[in-house]
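Quick notes on the structure that follows.
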Amino acid sequence: MYTALVIGAVFTIVLGVPAVVWLTKLIRPPTPEEEKIHRGVEEARRRIDKLFH
């Protein structure tokens, strides 16, 4: 029974977190400053990937 609860909790978290992020973006679009931060993070990740591949 305990295993079923743990599996249910993990399943809920795995599906729930992306759903909440998606809904908050629909309700309150990111500000330009937040978009700049996300773009900067993406560019940094791409640079790091290019270094190691």
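Nothing in this text is a laboratory measurement; each read-out follows from the coordinates by a stated rule. Note that the structure is predicted; figures quoted are calculated from it, not measured. Cβ coordinates were reconstructed from backbone atoms using ideal geometry, including for glycine residues, and neighbour counts include every protein chain displayed.
Quick notes
- Contacts under 8 angstrom Cβ, first residue in the range 34-53 being assigned to a helix (DSSP H, G or I), partner surrounded by 10 or more Cβ atoms within 10 Å (Cβ to Cβ), 6 or more apart: H38/P30
- When P18, P30 are screened for being assigned to a loop (DSSP other than H, G, I, E, B) and free of Cβ contacts under 8 Å to residues at least 40 places away in the same chain, only P30 passes.
- Residue ID - farthest from the chain's Cα centre (by Cα), chosen from residues in the chain that are among the hydroxyl-bearing types (S, T, Y) and loosely packed, with under 10 Cβ neighbours inside 10 Å: Y2
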